Every structure is written in C-alpha cells, then in structure tokens.
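Worksheet: one structure, shown below.
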Amino acid sequence: MNITFHGAAREVTGSCYLVQTGNVRILVDCGMFQGSAYTDAKNFRDFGFDPADVDAVAVTHAHLDHTGRLPKLCKERFNGTIYATPPTRDITKIILEDAEQIMEDEFKREYRPKLYERKDVDAVMSRMTPVDYSQWVEIGDLKIRFRDAGHIFGSSFIEVEERGGPRVGFSGDLGNVEVPILRPTAQIGACDAIMIESTYGNRIHEDPNTRSTKLREAIVSTVKQGGVLMIPAFAVERTQDLLYEMNTMVERGTLPKVDVYLDSPMAIKVTEVMRSYPEYYDREALERVMVGDDLLDFPGLHRTESRDQSKAINEAQRPKIIIAGAGMMNGGRIQHHLVRYLGDPKSTVLIIGYQAAGTLGRRLYSGEKHVDVLSERVTVKATVTSIGAFSAHADQKKLLTWLHEAKSPPTRVYCTHGEEAAAAALATRITEDLGIQADVPRFEEMVTV
C-alpha cells in the first residue's frame with residue numbers, strides 16, 4: 001500500500017492522502033489550504049494526481065480544510081463515491097455552499113477567481129454515500145471503517161485495510177477531552193501505520209474544567225464594563241459548545257442577564273443538523289434531551305440570519321455578546337464587528353479556537369496592536385484573550401494517550417496536519433515515550449506500508 005501526502009504536510013490545512021494498491025486508488029479527505037493569500041493560491045494548483053483515476057473518497061469530517069477541494073475534484077472529472085457519516089454529509093453541504101457563496105461575493109467585489117461553482121458542490125453531494133460508525137465498506141481490494149474521533153459532530157478517524165495486506169489508520173482531527181455533546185474518541189484498532197494529526201503536537205491544553213469558569217469571567221467582565229464581547233467561533237462545534245455552556249449557566253442561574261447574538265447563518269444551520277441526530281450525542285446530552293432540555297437555546301439568545309438582522313446588532317444596547325464566524329477572523333460577519341469594536345477599550349475579543357499562521361486571528365492572538373480589517377487600519381484597544389480548553393483538537397497528551405491505547409502499537413507513525421515545529425515535537429515524544437518510529441512527511445512524499 002502506497003500513501004502520498006498531498007496536503008497537511010508540515011502545515012495544518014489542505015488534508016489529502018492518496019492511498020494506492022495494485023488496483024484501487026482512494027483519497028482520505030480532500031481539503032482546502034487556508035491562511036495567507038499564498039496558501040489560498042495553492043488550491044488552484046493541480047492535485048498531483050488525475051482525479052478521474054480516483055475510485056473513492058473517505059471524508060473524516062466536514063471542516064473546510066478536509067472537504068474544501070471536493071468540488072474541484074468533481075469539476076476535474078472525479079466520478080467515484082464519497083463516503084462519510086450522515087452528520088458529516090449534511091454539514092459538508094452547508095459548509096461547501098457557504099464557501100461557494102463567499103467565493104461568489106469576492107468575485108463580484110474584487111474579481112477574485114472562483115475555485116468552483118455551485119454545480120460542483122451539487123456534484124459532490126450527489127456522490128456522497130452515508131456510512132455509520134464501525135461499518136466496514138469494501139472498495140476493490142481495500143476496506144474502510146469510520147470510528148468516532150470526538151472532534152466535531154459526526155467526525156471520524158478512518159482505518160483502511162488491504163486484503164491480505166496492511167492496515168493503516170488516518171486520525172483525521174482528534175477531539176479534546178470532556179467535550180459537551182460529543183462522545184469520547186474511540187480506540188483505534190491494530191494498525192501497521194498511523195497518520196496522526198499534530199495541530200497541538202507541542203502544547204498541553206488548559207484543564208477542561210476551566211472552560212465554563214473562564215467563559216463566565218469574560219462575560220461578567222464585559223457586562224460590568226458595559227462593553228461588547230466578541231467571540232469569533234467556528235460554525236461547527238465551537239459555536240454549539242458555547243451555546244451549551246451558556247444554556248447550562250442560565251439553568252444554574254450563573255449567567256448575567258445579557259443579550260447574546262448568534263450572528264452566523266451557517267452555525268444556525270449546523271445547530272439544526274445536530275438536533276437531527278441525537279443518536280450521536282454522549283450519554284449526558286442524550287439524557288438531558290430526553291427530558292425536554294433544549295441544549296442549544298436559552299432566554300436572551302437571538303439568531304440573526306439575514307444581513308439586515310446582522311446590521312441591527314450595531315444598534316443593540318450594550319452590554320452584549322456577539323458570536324460570529326469566521327473562527328480565524330479571516331472573513332465572515334465577525335470582521336464587521338471587529339471594525340466597529342476593536343478600538344473600544346471596554347470590549348473584548350475572546351479566542352476559543354486554533355488560529356492558523358497568516359490569519360487575522362493569529363495576528364490578534366500574537367498581540368499586534370494595528371491590524372487591517374475590511375481594508376481599514378484599526379488600532380486594537382479592546383482586550384484580546386483566549387480559552388484553550390475550548391479547543392476542538394486533542395493536545396499532545398491526548399494524542400500520545402490515543403496512540404498508547406491502540407489495540408496494538410503501530411510500527412510507524414507519520415505526524416501530519418500540524419505546523420512543522422508542532423509535528424516535529426510530537427514525533428519526538430512518540431519515539432522517546434512510546435518507542436515507535438515517528439516521522440514528519442513532506443508535501444507529495446510517498447511512503448510504502
């Protein structure tokens with residue numbers, strides 16, 4: 001079995017693995033490169049293989065850096081089957097349609113070229129076949145199995161086995177510990193090699209028990225100052241985590257009275273998808289739903305779907321909380337709020353997710369005091385803070401534990417989906433602590449298992 005790394009090699013985005021045997025070629029993920037303008041330009045390059053020769057795609061989860069080039073794949077004559085869990089299928093449709101609309105808006109506003117059209121998104125959805133967890137699917141001399149990754153709703157790691165040959169695990173993105181609603185990451189089976197993400201391969205997250213406490217502290221501080229709390233949140237999972245935590249605070253009487261604006265049409269749609277699949281909830285969430293608790297709603301929450309509703313937030317009385325995308329602040333409605341409130345010392349930007357190099361979010365997280373937002377130069381006077389415990393990614397400790405608890409240890413591990421320093425740090429720990437040879441592959445490098 002040959003595996004070629006066509007993305008997420010010594011970088012976080014663009015996940016795409018080509019798996020080849022004597023008669024089958026499949027992809028695990030086909031994600032978009034994200035971050036700087038240079039990174040975005042990589043999406044327009046040739047794949048490095050002929051899409052028409054690919055038999056199938058297995059999608060670990062719906063995030064754009066794992067699905068964003070699927071429409072381009074179909075546009076370039078891929079005609080196979082795309083496998084994903086049912087929630088991943090539904091959320092992928094929302095994410096790809098949103099991405100195409102952003103491209104269309106940018107084309108009209110700035111004449112930026114579009115990577116694909118809406119018909120290409122439709123082509124992706126027409127090829128999607130839902131697969132439940134733990135169900136084996138045969139593709140020629142390969143069979144694949146999806147297991148719960150605990151990263152976002154419906155996310156998976158994938159085991160790929162060649163008939164009479166090796167089995168390889170692809171971690172996709174593994175989830176943090178004690179994440180609301182999601183079930184814990186499943187145990188990986190006996191694999192000869194594992195491709196493991198390393199987004200936080202050199203970091204240890206805050207104690208998850210601090211998640212609610214720190215969120216409440218940020219809310220209370222903003223309310224006391226009469227400011228605006230801006231939370232740039234990914235539409236999938238991070239937004240729902242916030243709503244879950246706030247709903248719990250309301251039920252316990254610990255959330256100050258304040259209006260909360262969910263200013264993300266995509267997050268609103270994803271929330272409805274999550275309501276449709278209670279069988280994917282963890283035990284606590286399922287028990288609460290069974291007694292009539294709406295986990296993702298509470299008094300004072302306003303959903304602003306239209307642009308006019310979004311603009312009306314500007315006139316809403318302070319204090320207020322605004323949850324909006326994009327999570328890395330490199331687009332979306334959050335930018336309009338940043339232009340308005342970044343210069344206000346009474347306001348706060350609360351970062352709760354990974355910020356890729358080159359993004360506005362990374363610049364704010366790094367402490368830059370002058371940033372460009374929507375072609376305006378803005379002086380940062382608002383407080384910028386973060387809560388690492390909200391991360392949807394596993395930290396170094398969780399990644400090592402997941403490998404250690406495999407049914408049997410792999411003989412080789414490849415650290416991907418991480419900036420070079422993070423991937424190298426994780427590889428070193430895997431080799432030293434677990435005694436497993438670990439490497440950090442390069443873009444378009446091929447390995448044989």
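Every number here is computed from the coordinates shown, using simple stated rules; none is lab data. Every value quoted in this text rests on a predicted model; they were computed, and no experiment measured them. Counting neighbours? That spans all protein chains shown, and the Cβs are built from the backbone with ideal geometry, glycine included.
Observations on the structure shown:
- Sequence of Ser212, Ser198, Ser171 once ranked by neighbouring C-beta atoms within 10 Å, starting from the fewest: Ser212, Ser171, Ser198
- The distance between label points at Ala421 and Asp308 comes to 4.9 nm (points 7 Å beyond Cα on the Cα→Cβ vector).
- For Ala58, nonlocal amide neighbours, meaning residues 5 or more places apart or on other chains whose placed amide H falls under 5 Å from its own, are Leu27, Val28, Asp29, Tyr83.
- Remark: C-alpha extents of the chain on the principal axes read 65, 47, 41 Å, sorted largest to smallest.
- Across the stretch 210-390, the mean sequence separation of Cα contacts (distance under 8 Å, 6 or more residues apart), normalised by length, yields a relative contact order of 31 percent.
- Applied to the stretch 319-329, the Karplus parametrisation 6.51 cos²θ - 1.76 cosθ + 1.60 on θ = phi - 60° returns per-residue 3J(HN,Hα) values of x, 7, 10, 10, 9, 8, x, 8, x, 9, 6 Hz, with x for Gly and Pro.
- By the count of neighbouring beta-carbon atoms within 10 Å, fewest first, Val223, Val160 end up ordered Val223, Val160.
- Listed by chain and number, the lysines whose C-alpha is less than 26 Å from the C-alpha of Lys407, apart from same-chain residues fewer than 8 away, are Lys143, Lys397, Lys398.
- Extending 7 Å from the Cα toward the beta-carbon at both Lys114 and Ser36 defines two label points whose distance is 2.9 nm.
- Sorting the segments 29-36, 417-424, 396-403 by their residues' average number of neighbouring beta-carbon atoms within 10 angstrom, most packed first, yields 29-36, 417-424, 396-403.
- The mean sequence separation of alpha-carbon pairs under 8 Å and at least six residues apart, normalised by the residue count of the chain, gives a relative contact order of 20 percent.
- Pairs of Lys residues in the stretch 210-390 are counted when their Cα atoms are under 15 angstrom apart and they lie 8 or more places apart or on different chains; the count is 8.
- At an R0 of 35 angstrom, the distance between the Cβ atoms of Arg203 and Glu376 translates into a FRET efficiency of 0.60.
- Interchain or long-range residues, amide H under 5 Å from Asp259's placed H: Ile321
- Residue-wise HN-Hα coupling along the stretch 90-103, computed from phi with Karplus coefficients 6.51, -1.76, 1.60 (Hz; x: Gly, Pro): 5, 6, 4, 4, 4, 5, 5, 5, 5, 4, 5, 5, 4, 4
- Cα-projected label distance for Thr385 with Phe443, points at 7 Å along beta-carbon direction, nm: 3.8 nm
- Over the stretch 210-390, the hull volume per residue, using the convex hull of the C-alpha atoms, is 114 Å³.
- Taken along its principal axes, the alpha carbon cloud of the stretch 94-214 reaches lengths of 51, 50, 26 Å, longest axis first.
- Along the stretch 132-146 the Karplus relation, 6.51 cos²θ - 1.76 cosθ + 1.60 evaluated at θ = phi - 60°, assigns HN-Hα couplings of 7, 4, 6, 8, 6, 10, 8, 10, x, 8, 10, 9, 10, 9, 9 Hz to successive residues, with x for each Gly and Pro.
- R0 of 22 Å, Cβ-Cβ distance Asp122-Glu279: FRET efficiency to nearest 0.05: 0.20
- Solvent-free Debye calculation, one equal scatterer per alpha-carbon of the stretch 27-100: log10 I(q)/I(0) at 0.14, 0.22, 0.23 Å⁻¹ equals -0.41, -1.01, -1.09.
- Antiparallel bridge percentage (DSSP; both residues within the stretch 210-390; nearest 5): 15 percent
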